[in-house]
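The block underneath contains the structure these notes are about, expressed in structure tokens.
The values are calculated or read from the model by the stated rules, or taken from the named source; none is laboratory data. What you see is a predicted model, and the numbers here were worked out from it, not measured in a lab. Note that each Cβ is placed from the backbone with ideal geometry, even for glycine, and that neighbours are counted across all protein chains shown. Heavy atoms of the whole protein, side chains included, go into the accessibility calculation; ligands, DNA and RNA do not. Shrake-Rupley method; radii C 1.70, N 1.55, O 1.52, S 1.80 Å.
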Amino acid sequence: MSLKEKINPSKLPQHIAIIMDGNGRWAKQKGQERIFGHENGVISVRETVEAAAEVGVKYLTLYAFSTENWNRPQEEVIALMQLLVHTISAETATLNKNNIRLQAIGDLQSLPADCYAELNEAIDQTKNNTRTTLVLALSYSSRWEITNAVRQIALHLENKTLLAKDIDENTITANLCTSSMPEPELMIRTSGEHRISNFLLWQLAYSELYFTDKLWPDFRKEDFYEAIIDYQNRERRFGKTSEQLIS
Ligand code: IPE
Ligand code: IPE
Ligand code: MG
């Protein structure tokens with residue numbers, strides 16, 4: 001039985017989020033520049049998107065560039081942005097062929113103009129696809145997103161279109177970039193780092209976390225399936241007792 005066949009389709013996560021980490025170390029191990037790792041990371045992105053679509057995962061969110069990543073050496077930032085523009089334009093046809101819709105979350109207007117334009121074009125060209133939604137987190141950080149949400153809610157209060165007493169969890173959720181998506185049931189991080197790095201802090205409240213030592217450019221379909229199988233063997237209690245779940 002292959003790993004893919006071991007996945008229980010009735011317990012499939014609807015939304016999987018991934019912190020793709022370890023590109024730089026992967027390149028260094030090979031005596032190469034960090035950008036070589038990012039370039040090879042694109043192969044893993046392709047594999048993972050394909051795997052998600054094949055098993056029927058509805059949302060796949062990939063953390064591609066964080067707010068904090070702007071602080072990296074300028075030449076790495078520029079190379080990453082160029083890689084992004086190039087990859088998005090090269091992959092749009094494949095996304096359409098596979099019926100995959102592209103979306104993005106983050107401070108997209110802070111991206112270089114060509115990158116922003118390319119991204120919007122790909123989002124527009126794939127907007128009617130229905131099989132899987134690929135969400136790129138770009139210039140994204142959760143604190144940025146939550147701060148933004150608070151600002152939007154404050155505007156509603158100022159305009160008297162919302163009363164303070166009516167603010168509940170749904171108000172917050174509705175003002176996040178992910179308002180149209182289900183919360184991720186599973187979050188994967190590669191490269192052996194055990195931290196969240198400012199990713200989806202609100203949305204991950206009850207997600208199952210899966211860490212693997214594999215560096216992102218080595219991540220393949222089988223690794224993705226393995227994470228799903230691990231997730232399916234967990235008991236999600238949401239604060240209840242095990243006995244309550246059985247009855
Ligand atoms: C992840 O790999 C890609 C991005 C953050 C853009 P890194 O570039 O963080 O690689 P390491 O963690 O330094 O090995
Ligand atoms: C997190 O990886 C951001 C992305 C994968 C885009 P980093 O490599 O930037 O995170 P830290 O600095 O190790 O926490
Ligand atoms: Mg890293």
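Can you sort T161, T132 by 1.4 Å-probe accessible area, starting with the largest? Intermediate results must be reported in sequence, preceding the final value.
Working: T161 95, T132 5 Å².
Most to least solvent-accessible, the answer reads T161, T132.
Where Lys and Arg each count +1 and Asp and Glu each count -1, what net charge lies around R72 among other residues with Cβ under 15 Å from its Cβ?
On the way: positive: R25, K28, R34; negative: D21, E33, E68, E75, E76.
Counting the neighbours of R72, the net charge comes to -2.
With an 8 Å Cα cut-off and a minimum separation of 6 or more residues, compute the relative contact order for the chain in percent.
Result for the chain is 29 percent.
At 1.4 Å probe size, put R131, R189 in order of accessible surface, largest to smallest.
Listed by decreasing accessible area, they come as R131, R189.
Could you work out the relative contact order of the stretch 114-247, using alpha carbon pairs under 8 angstrom and six or more residues apart, expressed as a whole percent? Each step should come with its number before you reach the end.
Details: 86 pairs, mean separation 26.3, N = 134.
Relative CO of the stretch 114-247 lands at 20 percent.
Within the stretch 181-247, list the GluC sites (Glu not before Pro) lying in a DSSP loop whose Cβ has at most 12 other Cβ atoms in a 10 Å radius.
Those satisfying the criteria are E235.
Just the number please: accessible area per residue for the chain, 1.4 Å probe, all protein chains included, in Å².
Values: 13050 Å² over 247 residues.
Heavy-atom accessible area per residue stands at 53 Å².
Which of K28/K214; K4/K214; K6/K240 have a Cα-Cα distance over 26 Å?
Distance filter (> 26 Å) returns K6/K240.
With every protein chain kept in the model, how would you rank D114, D230 by accessible area, 1.4 Å probe, largest at the top?
Highest to lowest solvent-accessible surface, that is D114, D230.
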